[in-house]
Amino acid sequence: WRKIFRDVRFRRAISLGINRREINQVIYYGLAREGNNTVLPESPLYHPRFQKRWASFDVKRANALLDDMGFTKKTPAGIRLMPNGKRMELTVVFSTEESEPSDILELVRDSWRDIGIKIFLKPMQRDVLRNRIFSGLVKMSMWFGLENGIPSPDSSPRELAPTSQQQLQWPKWGQYVDTRGRAGEAVDMPQAKRLSALNKSWAEAPTRLERKRIWTEMLDIYTKQLFSIGIISSVPQVIVAKKNLLNVPKKAIYNWDPGAHFGVYRPDQFWLDPKAVKKRKMN
């Protein structure tokens, strides 16, 4: 499996085997955006080609990539066989904190059957899931996409390079960086090494133009290599506020980093409508 996952043809094939439009319509009523794990259109670094790259639903092309890898033998049920004769079956783990991952993966399971891959779904408590991934016991997991979906050239691009064990697509590489080589594994793929070098160059870049150039190259590499596979983004988040609470934006970006969701909108400057408060006191 290690050799298979490190072949970009496999990552591209399973990305092409996801029917994102179906997921968007069935789970999100068509309100989300379909595409790769990249920055959002609200970011000055956004480019449509990064979002659309290897993100169309193309079973024929996905099957051709897997055939090109040599996985041409199948079981009577249509499941591909690996070189060791075992069926191409995967267990995908996900957090139990939300119901959406299991619903999404049910649809992914159906479309991946058409390219000869069978998956099993395994929900886990967050800490257990992370510890199993950190120890190398998980082949594939589902998690959130980029934390900062609306970066500027002056935002750190560290999410696109191996910098932390918390990055579930390469936890061993991240652990190596976290511990300064005392644990984990050194980055040993050329494209990931380039991302690491670019991340370091960004920190030393003297101009905003150079930082933007570095961001663009990193996004280009990341979306070509599909180190993580995006499904949907920009899912609407409903926020409830009392009618007499003023200065709350009607529409905004619900983003964790930066901003801590509401933090960027100065909640210390929200206030209650004095008239409404007075009326309530009179009642």
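I'd like the antiparallel share, as a percent to the nearest 5, of DSSP beta bridges with both residues in the chain.
40
Round to the nearest 10 and give me the degree value, 0 to 90, for the angle of helix 208-225's Cα axis relative to the longest principal axis of the chain.
The helix 208-225 is inclined about 40 degrees to the chain.
To the nearest 10 degrees, how steep is helix 59-68 against the longest Cα principal axis of the chain, on a 0 to 90 scale?
That works out to roughly 40 degrees.
THR216: accessible area at probe 1.4 Å, nearest 10 Å²?
50
Label points 7 Å out from Cα along the Cβ direction at LYS74 and LYS251: separation in nm?
That separation, rounded to one decimal, is 4.5 nm.
Among [x] 22.4; [y] 21.8; [z] 21.0, which is the computed Kirkwood radius over Cα pairs in Å?
Computing Kirkwood radius over Cα pairs in Å and matching it to [x] 22.4; [y] 21.8; [z] 21.0 gives [z].
Please work out how much length the chain gains when fully extended from ASP7 to ARG126, using 0.36 nm per residue of separation minus the C-alpha to C-alpha distance, in nm with one decimal.
40.0 nm
Pairing the Cα long axis of helix 190-204 with the longest principal axis of the chain, what angle in degrees results, from 0 to 90 and rounded to the nearest 10?
30
With Kirkwood's inverse mean 1/r over C-alpha pairs for Rh, give me the Rg to Rh ratio of segment 136-283, two decimals please.
1.14
What size of dipole, in debye to the nearest 20, comes out for the chain about its Cα centre when the only charges are +1 on Lys and Arg C-beta atoms and -1 on Asp and Glu C-beta atoms?
200
Kirkwood Rh over alpha-carbon pairs of segment 1-126, then Stokes-Einstein at 25 °C and 0.890 mPa s: what D in µm² s⁻¹, rounded to an integer?
Here the translational diffusion coefficient equals 155 µm²/s.
How do 43-49, 264-270 rank on mean C-beta neighbours within 10 Å, highest first?
Peptide ranking by packing, descending: 43-49, 264-270.
Computed FRET efficiency, Cβ-Cβ of THR91 and LYS275, R0 51 Å: what is it to the nearest 0.05?
The calculated FRET efficiency here is 0.30.
With the cut-off at 20 Å, tell me which of the pairs LYS118/LYS172; LYS3/LYS224; LYS3/LYS86; LYS122/LYS224; LYS3/LYS73; LYS60/LYS118 have Cα atoms farther apart than that.
Correct reply: LYS118/LYS172; LYS122/LYS224.
The values are calculated or read from the model by the stated rules, or taken from the named source; none is laboratory data. Predicted model only: the values in this text are computed from it and were never measured. No Cβ is skipped: glycine too gets one built from the backbone with ideal geometry, and neighbour counts run over all protein chains shown. To get the accessible areas, we keep the full protein, side chains included, count just its heavy atoms, and leave off ligands, DNA and RNA. Shrake-Rupley method; radii C 1.70, N 1.55, O 1.52, S 1.80 Å.
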